[in-house]
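Peer 1: So that we are looking at the same thing, I have put the structure below in C-alpha cells.
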Amino acid sequence: MNRVLFVVLLLNAVSGFAVQKILRPMSTCVYVEKIPETSTGITLDINIIDGQKVTISSGMKGKQMERAEMVGSYRRTLEPKSKGDFEVYIKNEEDRFINLSISVYVDKTQEDTDKTEMLRKLVEKLRIDLLNIYNDNLKLKNANTDSLLRIKAAKSSMWLICASPIVYIGLNYIRLNIIKGFFSNKKSKRI
C-alpha cells in the first residue's frame, strides 16, 4: 500500500523533462515547459558532461529572463506568479560540440504533510544520485575510449621496438661480411 501511495504522490508531485543533449558549435537550443497552474516552484538543473562555455537564459515567456554563463553546472529555482511557458535558451559559444544534460521540474501545489515533504526530499536526493551516477558512467565510457586509443598507439610502438633488434642484427651481419671482405685473401683471376 505504501509503495502505491509513493508512486501516486511521485507522479502527481512533479512534472517536467530531463534530456541529454549534444549542442553543435555556435548554436542555440530552446526548451519550453508549460505551466498549466500556479506552481510552488520550478527547478532548472543543467550539467555539462563534456565541454566548457555555455550561456543560459531562462525565465517565463514574455518577461525579463536571467542570463548566466555556465562552466560546470547550473541550478536555479523559480517561484512563478502565474501560469504560462517557462523557457530555457542554451547557447554553445565554443567551436566544438558540447554534451550536457538538462532537467526542468515543476512542483505542483498540493497538501503538504510530513510524509509528503519527506517523500519530496527523498525523491530529490534520489534524482541527484541517479544524475551523478549517469554522469560518472558517461565519464567512464569516455575514459575507456581514450584508453583504447592509447593502447592502439602503444601496440604500434611495441612492434617497432620488437623489430629493431632484428634490424640491428641484420645490419651487423652485413657489416661483418664487408669487414671480412677487406681482410680476406683475394684470389687473383687468371686468364
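Any read-out appearing in this document is the output of simple, stated calculations on the displayed coordinates, not a laboratory observation. A quick note: this is a predicted structure, and the numbers were derived from the prediction, not measured. Positions of Cβ are generated from backbone atoms using ideal geometry, with glycine treated the same way; all protein chains shown enter the neighbour counts.
Peer 1: Label points 7 Å out from Cα along the Cβ direction at Leu119 and Asn177: separation in nm?
Peer 2: 8.8 nm
Peer 1: Still on this model: Sorted from largest down, what three extents in whole angstroms do the Cα atoms of the range 114-170 have along their principal axes?
Peer 2: 84, 10, 5
Peer 1: Related question: Taking neighbour Cβ counts within 10 Å as the exposure measure, how do Met158, Met60, Met65 sort from fewest upward?
Peer 2: Met158, Met65, Met60
Peer 1: Say the cut-off is 24 Å between C-alpha atoms; which of Lys21/Lys121; Lys34/Lys63; Lys21/Lys115; Lys21/Lys141 go over it?
Peer 2: Lys21/Lys121; Lys21/Lys115
Peer 1: Let me ask something else. Between Arg127 and Arg24, how high is the FRET efficiency from 1/(1 + (r/R0)^6) when r is the Cβ-Cβ distance and R₀ = 22 Å? Nearest 0.05.
Peer 2: After rounding to 0.05, the efficiency reads 0.20.
Peer 1: In nm, to one decimal, how far is the Leu138 label point from the Lys53 one, both placed 7 Å along Cα→Cβ?
Peer 2: 2.1 nm
Peer 1: Please order Ser82, Ser57 by the number of other Cβ within 10 Å, starting at the fewest.
Peer 2: Ser82, Ser57
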